[in-house]
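Colleague: Sending over a structure as structure tokens; questions will come in a sec.
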Amino acid sequence: MKIRTSFVSNSSSTSFLIRGRLVNVHDIDENGLEGRDGYNKYIAIGEDLNEGNDVFDVDKVVLLILKLLPMDLDKLKIYEIYELIHEDDDNFNKKKRQKEYVEFGWSYGSCHNIDDILYRYLKEDI
């Protein structure tokens, strides 16, 4: 899993905008996961962690887990990302007012590995 670590903040979350579309996890092709910027082009936005949302990249391993295990997919929104904008970007506030962008807070308490994802979203013990 490729974790985004390039944005640093003193707060417990960082705001982002995404322009993209909601997708069904079962419609994602495992061979088309990498975006133009080298990061995964799909992200999952999950539970509200008070200081922001649980957000993690959907790579091949995560995709297989979401498709094959009894995961609580009602708690997750999967987006195909066309554009990702950090709160420090000069265009953040301008684009924030445009209806095609979704704003979310990326919590630093977000899932960082497979164990975290299984702990939060697995419907039953395996």
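The values are calculated or read from the model by the stated rules, or taken from the named source; none is laboratory data. Everything numeric in this text was worked out from a predicted model, so none of it was measured. Reconstructed Cβ throughout: ideal geometry from the backbone, glycine too, with neighbour counts over all protein chains shown.
Colleague: Run down LEU69, LEU73, LEU49 and say which single residue is over 12 Å from the mean Cα position of the chain (by Cα), among the aliphatic types (A, V, I, L, M) and within 11 Å of VAL25 (Cβ to Cβ).
Modeller: Values: LEU69 fails: within 11 Å of VAL25 (Cβ to Cβ); LEU49 fails: within 11 Å of VAL25 (Cβ to Cβ).
Being over 12 Å from the mean Cα position of the chain (by Cα), among the aliphatic types (A, V, I, L, M) and within 11 Å of VAL25 (Cβ to Cβ) holds for just one of LEU69, LEU73, LEU49, which is LEU73.
Colleague: Return the total of residues in segment 98-126 being of a type outside the set (A, V, I, L, M), closer than 20 Å to VAL62 by Cβ and outside any helix (DSSP H, G or I). Reasoning before the result, please.
Modeller: Kept after step one, since they are of a type outside the set (A, V, I, L, M), are these residues of segment 98-126: 98-101, 103-113, 115-116, 119-121, 123-125.
Adding the requirement that they be closer than 20 Å to VAL62 by Cβ leaves 104, 106-113, 115-116, 119-121, 123-125.
Narrowing further to those that are outside any helix (DSSP H, G or I): 104, 106-113, 123-125.
Summing the residues that are of a type outside the set (A, V, I, L, M), closer than 20 Å to VAL62 by Cβ and outside any helix (DSSP H, G or I) in segment 98-126 gives 12.
Colleague: Scan (1) within 21 Å of SER15 (Cβ to Cβ); (2) modelled with pLDDT of 90 or more; (3) touching a Phe, Trp or Tyr at 6+ places or on another chain (Cβ under 7 Å) for the single condition ASP72 breaks and write down its number.
Modeller: The single condition ASP72 does not satisfy is (1).
Colleague: Can you tell me which residue in segment 82-97 is surrounded by the most Cβ atoms within 10 Å (Cβ to Cβ), limited to those that are without any contact (Cβ under 8 Å) to a residue 24 or more places away in the chain and assigned to a loop (DSSP other than H, G, I, E, B)?
Modeller: Of segment 82-97, the ones without any contact (Cβ under 8 Å) to a residue 24 or more places away in the chain are 89-91, 93-94, 97.
In the following step, the residues that additionally are assigned to a loop (DSSP other than H, G, I, E, B) were identified as 89-91, 97.
Numbers: ASP89: 13, ASP90: 7, ASN91: 10, ARG97: 7.
Checked segment 82-97; the qualifying residue surrounded by the most Cβ atoms within 10 Å (Cβ to Cβ) is ASP89.
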